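Derivation of every value follows stated rules applied to the coordinates shown; laboratory data play no part. All values derive from a computational prediction rather than experimental measurement. Cβ atoms come from the backbone with ideal geometry, glycine included; neighbour counts cover every protein chain shown.
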Amino acid sequence: MGIMAVLMLPLLLLGISGLLFIYQEASRLWSKSAVQNKVVVITDAISGLGKECARVFHAGGARLVLCGKNWEGLESLYATLTSVADPSKTFTPKLVLLDLSDISCVQDVAKEVLDCYGCVDILINNASVKVKGPAHKISLELDKKIMDANYFGPITFTKVILPNMISRRTGQIVLVNNIQAKFGIPFRTAYAASKHAIMGFFDCLRAEVEEYDVVVSTVSPTFIRSYHVYPEQRNWESSICKFFCRKLTYGVHPAEVAEEVMRTVRRKKQEVFMANPIPKAAVFIRTFFPEFFFAVVACGVKERLNVPEEG
């Protein structure tokens, strides 16, 4: 009996591994079929996340429209995608210059994007500009620039694309947002305000367009780290605020977010919050115990103000 049990354990593990492999392969093929021949627009294709989204959707056979502020960056991404792809299974991406902070040009560029294929099936709003500093030291002009890039630019672009989706009664708009749409973090007033604003816009839009079978999705990671940055080995426990905001909430890799965006498109999810238990708990505490949450955050701010900045 003991020998049989010993033999059964490896077989059981092998069977589970096989089932997981089959599930992953089926999921990958399902993802590809969900975007094959679909027109997919990425508003910031030259960012870390944008490049990963371009890679994933290009491999899935999507008709990509890659937008970005830098033409050299777009050409570099184009060369990378076309060099590794099978021409018989993929489409040649189209490149479009786009600066969402330049509101006067966004409508014209959005119309140009719409004219590329005559329609847009999936719009990925991932462009974002960050700023960090005390509120009283951030100029009003910079506040406005952040709102243009993170709020007015994306909604202007969306409003040009939306009527086409409504008339065709199909389409999906994906907003890649941030945990700061859930609660504000000190020294990021302008950025957090823009993230709150655009989340509110797309939450309302979701309800408005549901009857037209247009899906509005939001994917909110804690924050997205660069390719080669990993958590530093430091004593963050000395600060409660840093413990909450840095040690256990270090950002996810762009490739992970891109894969989640693909799953969100495939499953037509309405909202995804990519976070480990600590930031999820923070959202819960902010909602139901706001005074405690504010006290914890204020402790971290007071400590930081009393410690000289490095460099």
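Annotations for the structure displayed:
- Each other residue within a Cβ distance under 11 Å of CYS67 adds +1 if Lys or Arg and -1 if Asp or Glu, for a net charge of -1.
- Unsatisfied cross-links (Cα-Cα over 23 Å) in the set LYS69/LYS111; LYS69/LYS145; LYS94/LYS132; LYS130/LYS182; LYS94/LYS268; LYS38/LYS94: LYS94/LYS132; LYS94/LYS268
- Nearest-0.05 FRET efficiency for ASN37 and LEU142, computed from C-beta distance (R0 51 Å): 0.75
- Ordering of 162-168, 42-48, 205-211 by burial proxy (mean other Cβ atoms within 10 Å per residue, highest first): 42-48, 162-168, 205-211
- Distances between placed amide hydrogens fall under 5 Å for VAL39 paired with ARG63, ASP121, ILE122, all partners being 5 or more residues away or on another chain.
- Estimated distance in nm for a label pair at GLU72 and ILE166, the labels positioned 7 Å out from Cα along Cα-to-Cβ: 4.2 nm
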